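Following: one structure in structure tokens, then a few remarks.
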Amino acid sequence: MAKIFIGPKLRQLRKSAGQTQSYLANELKVSPAYINLIENNQRSISVAVLLALSDIYKIDAKELTSSNEFEALNEIRAIVKDPIFAGQQPDLQEIRAAIENAPNLISQFVDLYNAYQKLAEHTQKTGNTITDVETLGNSQESSIYSFLQKHSNHFSTLEDKAQEIRSIIGGPQDDIYALLKRHLRTKHSILSEVQRLSIMSGTLREFDEQNKRIYLSEALNQANRNFQLAFVIAKLEAEKEVNDIINKIQNPNLENLDQLRAELFNYVAASILMPLSEFTVLAKRTNYDIDRIAAGLGVTFEQVCHRLTTIHGADNSFVPFFLIRQDRAGNVTKRVSGVSNKISDQGGGCPVWNIHSAFQTPDIIIPQFIELWDEKQYFSIARTVERPVFSRRTQDRRLLLILGCEAKYAEQLGYAKGFNLDEKTLYTKIGTNCHTCPRQGCLQRAHQPIHVKLKFDQFKRGATRYES
């Protein structure tokens with residue numbers, strides 16, 4: 001049996017509970033010296049001690065022994081490659097020692113770096129100087145994004161609940177709308193009906209819980225009507241599972257927990273409409289062909305893209321995707337990813353990335369191989385999706401979806417067929433955005449980077465006015 005080391009985690013639990021090493025030693029009937037050795041990872045723990053700690057701190061033994069070291073190592077290694085950190089980079093051994101022995105310090109370091117990135121993004125969007133920037137902190141959206149990413153955007157308890165609900169609903173997938181309505185009617189005495197736009201007044205779904213009525217706007221297409229009914233079922237039947245996840249949160253930045261609850265109910269709704277076992281079989285069989293998966297399950301292109309970001313957390317044999325959604329002005333309206341990397345966490349603002357041309361060719365999938373300045377390589381596809389149309393004034397309300405993964409997974413995707421993966425000129429060199437991109441000689445540079453000094457000679461005129 002492998003030795004179990006839980007030093008930093010035990011120290012954090014003990015201090016959070018306001019306990020001394022002597023107090024914990026007395027509870028476990030061991031010596032304080034033994035506790036000290038455990039907390040410094042100089043002594044492994046037995047199964048008996050592990051179970052006793054599980055009882056004392058009311059935490060599952062699996063959570064005590066689980067390790068996110070690999071993810072933390074990758075995250076810190078990526079951060080310290082940022083040009084803002086001058087001098088010699090820490091090696092792998094130094095980073096691992098810091099993660100093991102100073103987890104709170106590492107967490108604060110990551111928070112500080114994220115705040116710096118937020119500052120850069122804010123500067124880019126507003127054009128303000130740093131002294132004009134309002135207090136940044138972590139936005140609600142970024143806190144939810146980080147929370148989902150921390151859980152690899154996969155929740156097994158919600159998957160199990162969704163599978164249970166789908167089994168009770170029964171019937172074939174192509175009858176899902178009638179089946180969802182029947183389930184709401186027979187189990188909850190709730191009726192649903194489609195209302196005219198003039199009555200709904202810009203609302204897509206309204207659940208009148210008191211009168212047991214669900215009203216859906218006629219602006220919704222069939223797949224989205226299905227999703228809204230599945231959402232209400234998730235709210236009615238998966239509230240315990242969602243609250244169990246919410247109640248474990250200790251992140252002060254997650255103030256609006258109702259917004260996170262809605263995201264988790266969305267997760268359950270998607271799992272009801274796209275059951276994990278059936279979805280993953282389709283994904284592998286079609287080489288992740290989004291349109292074929294959508295047709296097979298009666299869902300939308302966007303719903304499939306969201307679902308694809310959840311399956312790597314269930315089984316790492318699946319491609320780990322990230323999803324970015326933007327509007328015409330370049331505003332990122334959503335980020336979803338089960339893994340952390342610069343392109344998923346900060347990307348979307350580089351004009352060299354061909355994603356923006358998707359607005360010129362609506363509904364056409366545009367693939368591209370890209371490389372960041374840190375030499376990390378990715379494969380992405382971009383396509384527009386449409387929003388519900390309420391009137392002639394709301395026509396052409398398209399958004400842009402970018403689905404991507406690390407380039408090493410591209411050979412599993414049908415969208416990469418036809419590319420010569422060994423071709424050196426295959427990759428387009430991009431950045432995340434101009435304010436934080438250190439790339440030299442970029443013809444599309446629109447801003448001076450805030451942390452890198454570009455070469456400039458007043459007697460030469462370069463391709464842009466920022467460097468010679």
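What follows is calculated from the coordinates using simple rules that are stated; it is not laboratory data. In this text the structure is predicted, and so the values were computed from the model without any measurement. Every residue, glycine as well, gets a Cβ built from its backbone with ideal geometry; the counts of neighbours run over all protein chains shown.
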Problem - Over the chain: helical MRE at 222 nm, DSSP H runs n ≥ 4 each giving -39500 (n - 2.57), nearest 500 - result: -13000 deg cm²/dmol
Fill in the blank from the handout: A correct Karplus calculation of ³J(HN,Hα) over region 98-112, with 6.51 cos²θ - 1.76 cosθ + 1.60, θ = phi - 60°, whole Hz and x for Gly and Pro, returns 5, 5, 6, 9, 9, x, 5, 5, 4, 4, 5, 4, 5, 4, 5
Practice task
Could you list, in their original order, any pairs among Lys58/Lys81; Lys9/Lys284; Lys9/Lys334; Lys429/Lys455; Lys15/Lys248; Lys81/Lys424 whose Cα atoms are separated by more than 27 Å?
Solution key: Lys58/Lys81; Lys9/Lys284; Lys9/Lys334
Practice task
Would you please classify the overall shape of region 330-444 from the alpha carbon gyration tensor, given that a ≥ b ≥ c denote the square roots of the eigenvalues, rounded means a/c under 1.5, and beyond that prolate means a/b larger than b/c while oblate covers the rest?
Solution key: prolate
Exercise for the section: Work from the charge dipole of region 260-305 (Cβ charges, +1 for Lys and Arg, -1 for Asp and Glu, about the Cα centre) and give the residue of Val299, Leu264, Ser277 farthest towards its positive end. Expected result: Ser277
Completion exercise
Residues whose built amide H sits under 5 Å from the amide H of Val194, excluding neighbours closer than 5 in sequence, are Leu216
Handout entry: Computed Rg/Rh of the chain, alpha carbon atoms with Kirkwood Rh
Key = 1.00
Practice task
Go through region 356-464 and name the GluC sites (Glu not before Pro) that are in a DSSP coil and have 15 or fewer other Cβ atoms within 10 Å of their Cβ.
Solution key: Glu375, Glu423
Fill in the blank from the handout: Of all trypsin sites (Lys or Arg not before Pro) in region 424-468, the ones in DSSP coil with at most 10 other Cβ atoms within 10 Å are Lys453, Lys460, Arg461, Arg465
Exercise for the section: Sort region 277-405 into rounded, prolate or oblate with this rule: let a ≥ b ≥ c be the square roots of the eigenvalues of the Cα gyration tensor; rounded if a/c is under 1.5, and if a/c is not under 1.5, prolate when a/b is larger than b/c, oblate otherwise. Expected result: oblate
Practice task
If a/c stays under 1.5 just call it rounded; otherwise compare a/b with b/c (prolate if a/b is bigger, oblate if not). Do that for region 7-65, with a ≥ b ≥ c from the square roots of the Cα gyration tensor eigenvalues.
Solution key: rounded
